[in-house]
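Every number in this text was worked out from the coordinates using simple rules, so none of it is lab data. Just so you know, these numbers come straight off a predicted model, no measurement behind them. All Cβ positions, even for glycine, are placed from backbone atoms using ideal geometry, and neighbour counts span all protein chains on display.
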Amino acid sequence: MTALTLTNVHKSFGTVDVLKDINIDVEEGEFVVFVGPSGCGKSTLLRTIAGLDDVTSGEVRIGDTKVNQTPPSKRGIAMVFQSYALYPHLNVRNNMTLALKQARESKQVIEQRLAEASRMLSLEDYLDRYPSELSGGQRQRVAIGRAIVRHPKLFLFDEPLSNLDAALRMNTRLEIANLHQTLGATMIYVTHDQTEAMTLADKIVVLRDGRVEQVGSPMELYNNPANQFVAGFLGSPAMNFLPAKLLQDGDRNTLGVRPEDLFFDNDGPLEITTQHVEHLGGDTNVIATCQGHPITLRLFGQQTVTVGATRRVGILPGRSYFFDTDGIRIN
Amino acid sequence: MNSARSNPINAALMHGALILYTLIALFPVFVILINSFKSRKKIFREPLALPDAESFSLVGYQTVMKQGDFFLYFQNSFIVTVGSLTLILLLGAMAAFALSEYRFRGNMLMGLYLALGIMIPIRIGTVAILEMMVATGLVNTLWALILVYTAQGLPLAVFILSEFMRQVSDDLKNAGRIDGLSEYAIFFKLVLPLVRPAMATVAVFNMIPIWNDLWFPLILAPAEETKTLTLGSQVFIGQFVTDWNAVLSALSMAILPVLILYVIFSRQLIRGITSGAVK
């Protein structure tokens with residue numbers, strides 16, 4: 001069953017069009033990630049789903065119901081904010097149960113849901129603390145707990161990990177993935193971090209300038225990008241883009257190669273000058289120039305590479321992508 | 001303070017300046033207080049001497065208690081001050097919330113219009129106000145004073161509070177909306193507790209001028225049963241004879257309530273509860 005349907009959604013603030021003709025279907029139980037650079041409209045899109053912003057035209061359906069005119073609290077959604085947005089004057093218990101109290105649930109239900117959520121997030125020991133007495137990670141867990149207790153049809157996450165440090169970010173990412181498995185709920189997650197998108201999503205929606213660039217599973221998008229933007233946005237280090245004329249004279253298209261598909265080969269078609277080597281332990285990244293164009297190689301394992309040397313480089317067969325002058329992929 | 005950053009000479013100078021200022025500010029109050037306990041002769045002979053066994057006298061307080069209905073004046077002042085402050089804070093905060101939270105046509109203009117009152121002294125309109133009060137039959141009621149002081153305090157209140165409310169995180173308000181809080185609940189339960197220090201500032205700024213005002217009570221409510229403390233004290237000041245004992249005693253007593261209110265509000269000024277709300 002479809003959990004969320006967006007049909008021809010437009011949103012403009014005055015004369016500025018923020019969202020242009022968005023069409024997205026989200027299936028029940030799916031984990032969908034909206035990803036894109038800042039200012040691409042992904043947060044606005046999430047806010048229109050939540051009902052915090054109205055759409056200018058188009059239709060938002062949650063389940064079978066059109067919700068264009070429904071207030072946020074009646075849409076059956078829960079949202080986790082980047083800044084946590086915990087109520088500072090309420091303790092953890094009251095933060096998590098406020099929505100249920102507003103909905104006039106019975107005491108029994110409230111207690112039971114609170115117990116369930118706090119067990120899931122190991123928050124039992126913190127229920128009587130105030131937000132100011134919690135660490136960043138704990139605050140984020142409370143914010144997630146506040147969403148869980150409502151048993152929403154749709155979870156909305158607005159860059160929930162941006163305020164956490166790297167180690168905590170990875171842990172919380174795993175927790176969210178686990179949560180998705182345990183609850184089996186439909187989740188929509190907004191981020192500008194392609195790693196989060198790749199690791200969490202069942203389906204990624206890549207947005208740019210208020211438009212959907214491509215929709216698909218992480219590997220589909222990685223292996224089969226529809227255009228140069230999607231190709232360059234997903235993957236780290238990012239895909240290399242070189243003029244195709246380096247391979248073939250007179251070709252005006254752009255060649256795209258992922259860093260891991262390049263290897264040193266004395267008969268290779270490209271000649272590079274190494275500039276810098278990053279030893280990551282598991283991988284070695286070689287940053288170089290190829291006739292003035294920046295290029296990155298990702299070599300497996302620990303490799304010794306001389307800086308400033310000129311080497312020839314080959315491309316794994318079938319792993320080059322070509323894009324026309326408008327950035328559209330050519331097969 | 002960090003000992004590496006504090007310099008004893010700087011600290012001494014800073015504290016010296018603050019102590020000096022405190023002394024200057026407290027001196028008149030101190031003089032009023034000690035002289036209110038002295039006999040009339042001693043007030044004029046040695047105004048700075050502390051009351052001793054010989055000069056001690058409660059005659060001023062006795063006069064104040066006997067003449068006029070001093071407790072009624074007290075009560076009037078208190079009702080007017082608290083009533084006006086309540087209205088200023090409530091209405092000012094609501095207007096500020098609307099201006100800072102909602103996008104509507106004329107938002108900017110409305111904000112400017114409301115702020116205009118800061119620059120125009122309300123006393124310019126005294127005659128018109130008096131005419132209005134006569135027409136509505138509010139002359140010689142405490143309501144006349146409460147309404148005028150509310151009008152006088154609102155512009156600054158709206159201006160200060162809307163600035164503070166803009167700083168309250170949008171995410172917090174949106175979280176409230178998703179949790180099913182009404183706009184009123186968001187205002188009273190989320191936003192007001194967070195701008196409490198600003199509310200206290202507004203309250204303190206408004207309280208003292210209202211308590212001390214002589215102008216409007218004299219014009220709008222000079223009747224015996226609506227006299228405020230400041231106006232009531234004027235009976236002791238005559239064109240030819242002034243009963244200084246009584247004036248000083250009345251003033252000493254007038255300081256107390258306003259001091260208590262100030263202590264209540266200033267505690268709020270110091271308390272910051274926003275920490276931990278958002279990162």
Label model pair B:Val31, A:Gln302: point-to-point distance (7 angstrom along the Cα→beta-carbon line) in nm is 8.4 nm
Quotient of C-alpha Rg and 2.2 N^0.38 Å, computed over region A:176-331:
1.17
DSSP-assigned coil residues among trypsin sites (Lys or Arg not before Pro) in region A:220-326, each with at most 12 further Cβ atoms within 10 Å:
A:Arg252
With +1 on the Cβ of every Lys and Arg and -1 on the Cβ of every Asp and Glu, the dipole magnitude of region B:1-152 about its Cα centre, in debye rounded to the nearest 20, is 200 debye
Counting only chymotrypsin sites (Phe, Trp or Tyr not before Pro) that sit in a DSSP loop (anything but H, G, I, E, B) with at most 16 other Cβ atoms within 10 Å, what is the longest stretch of chain B containing none of them?
B:105-239
Taking Cα atoms, how many degrees apart are the long axis of helix B:126-136 and the longest axis of chain B, rounded to 10 and kept between 0 and 90?
80 degrees
Sequence gap at least 6, Cα distance under 8 Å: using those rules, report the relative contact order of chain A to the nearest whole percent.
16 percent
Where Rh is the Kirkwood radius over the Cα pairs of the protein assembly as shown, the temperature 20 °C and the viscosity 1.002 mPa s, what D in µm²/s does Stokes-Einstein return?
70 µm²/s
Just to be sure I understand the model, the point goes 7 Å from the Cα along the line to the Cβ. What's the resulting A:His276 to B:Trp215 distance in nm?
6.8 nm
Using modelled backbone amide H atoms (1.01 Å from N, in-plane), which distant-in-sequence or interchain residues come within less than 5 Å of A:Phe322's amide H?
A:Gly256, A:Ile330
Going from the fewest other Cβ atoms within 10 Å to the most, one would list B:Lys227, A:Lys203 as A:Lys203, B:Lys227
Ranking A:Asp158, B:Asp170, A:Asp128 by Cβ neighbours within 10 Å, fewest first, what do you get?
A:Asp128, B:Asp170, A:Asp158
Starting from the Cα of A:Ser57, step 7 Å along the direction of its Cβ; do the same at B:Ala115; then give the gap between the two resulting points in nm.
3.8 nm
If you line up the Cα atoms of chain B on their principal axes, what length do they span on each, largest first, in Å?
72, 67, 31
With DSSP loop assignment and no more than 10 other C-beta atoms within 10 Å, the chymotrypsin sites (Phe, Trp or Tyr not before Pro) in region A:189-263 are none
Nearest-0.05 FRET efficiency for B:Gln167 and A:Ser106, computed from C-beta distance (R0 35 Å)
0.40
Cross-link table A:Lys101/B:Lys173; A:Lys20/A:Lys66; A:Lys74/A:Lys101; A:Lys74/A:Lys203; A:Lys66/A:Lys153, entries beyond 22 Å C-alpha to C-alpha
A:Lys74/A:Lys203
Just the number, please: Stokes-Einstein D of region A:167-248 in µm²/s, Kirkwood Rh from C-alpha pairs, 20 °C, 1.002 mPa s.
150 µm²/s
When the convex hull of the Cα atoms of region A:81-172 is projected onto a plane and the area is averaged over all directions, what value comes out in nm²?
5.8 nm²
On a C-alpha basis, how far is the centre of region A:136-174 from the centre of region A:273-321 in Å? Whole number, if you could?
37 Å
Using the beta-carbon distance between B:Tyr184 and B:Trp143 and R0 = 25 Å, what value does 1/(1 + (r/R0)^6) give for FRET efficiency, to the nearest 0.05?
0.45
Return the whole-Å distance between the Cα centroid of region A:1-57 and the Cα centroid of region B:170-246.
47 Å
If you fit an axis through the alpha-carbon atoms of helix A:92-102 and take the longest principal axis of the Cα set of chain A, what angle between them do you get, 0 to 90°, nearest 10?
70 degrees
Starting from the Kirkwood radius over alpha-carbon pairs of chain A, derive D by Stokes-Einstein at 20 °C in a medium of 1.002 mPa s and give it in µm² s⁻¹.
97 µm²/s
Along region B:172-181, Karplus-curve 3J(HN,Hα) (6.51, -1.76, 1.60; θ = phi - 60°) to the nearest Hz, with x for Gly and Pro, reads 4, 5, 5, 4, x, 4, 5, 6, x, 6
Amide H neighbours of A:Val205 at under 5 Å, excluding residues fewer than 5 places away on the same chain, with H built from the backbone geometry, are A:Val33, A:Phe34, A:Val35
For region A:245-331: span of alpha carbons on each principal axis (Å, largest first)
37, 23, 22
Give the angle, between 0 and 90 degrees and rounded to the nearest 10, that separates the Cα long axis of helix A:166-183 from the longest principal axis of the Cα atoms of chain A.
60 degrees
